Every structure is written in structure tokens, then in C-alpha cells.
1. Enter the accessible area per residue of the range 21-115 (Å², integer; probe 1.4 Å; all protein chains in place).
2. Would you mind checking which residues have amide H under 5 Å from residue 42's amide H? H placed 1.01 Å from N; only 5 or more apart, or other chain.
3. Quick one: which residues, 5 or more positions from residue 18 or on another chain, have an amide H under 5 Å from its amide H? H modelled 1.01 Å from N in the peptide plane, none for Pro or chain starts.
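The values are calculated or read from the model by the stated rules, or taken from the named source; none is laboratory data. Just so it is clear, the model here is predicted, and its values are computed rather than measured. SASA here: full protein model, heavy atoms, side chains in, ligands and nucleic acids out. Shrake-Rupley method; radii C 1.70, N 1.55, O 1.52, S 1.80 Å.
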Amino acid sequence: MCECTANLFQFNTLYVSWLVVLFGLQTLGIAAKRKRRLCVVEGFVVRYYESIDSNNNPKGLKGTIKIYEDSSVEIKDNRLLIRNPDRTWDLECESQDILTRWSAKLSSIVATLKL
């Protein structure tokens, strides 16, 4: 079910990759932590999971990132920033190629929502 190519996975029509997600608010003095999560694009949502099971299926849903028509996606300092009205998500990719692909995929979702 899962095919891995350069740390990108393809689950049927889903877009999947290991990304590092930043948790915490450095500006409020709370120590920010980065955790490696399996991120899956499903429709207009990025779901992030703790790991994969023995059949290479995502397991341990940890949270979701909704993509809105007024979301913006940008690359800054080799990180992917998803800016939503209520929060900015800071994701790190394992390579420049994965970073570029994720940026293009999420930007196309935002563009689709604006139609």
C-alpha cells in the first residue's frame, strides 16, 4: 500500500511524507519542541501521525492542519510555513526536494479553495 521514494510516500491518492513539526511558542517563553511526524494530505487537511504500523499505514493521529482559502504557504529558512488565520505552522522537511513538493502541493490546495 505504501511506496517510499526519497522519503515521500504515496498512499493511493494521498500525499505523505515525514516532516518535523514545531510545537510550542518561543515568543511566550515556552520552549518549542520539534517532533518528527508522518504528515498526510487528505483533501484540504494535513493530518500528522506519530508513526506507521507493520503494514505501512499511518497510526497514532496526533493532530490536523486545516488549509483555508486565506491560508498562505511559504518557504523560509528551509522550512515550510503554513499561515492560517489562527496559527502559523512551522514544518521542516528532510530535503529541499520534499520542501519544494510540499510547498507546491499545499499552494495548489489554497488556489483550488479560492476558485
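1. With the other protein chains kept in place, the range 21-115 gives 58 Å² per residue.
2. HN-HN under 5 Å from residue 42: 47.
3. Sorted by chain and number, the residues that satisfy this are 39.
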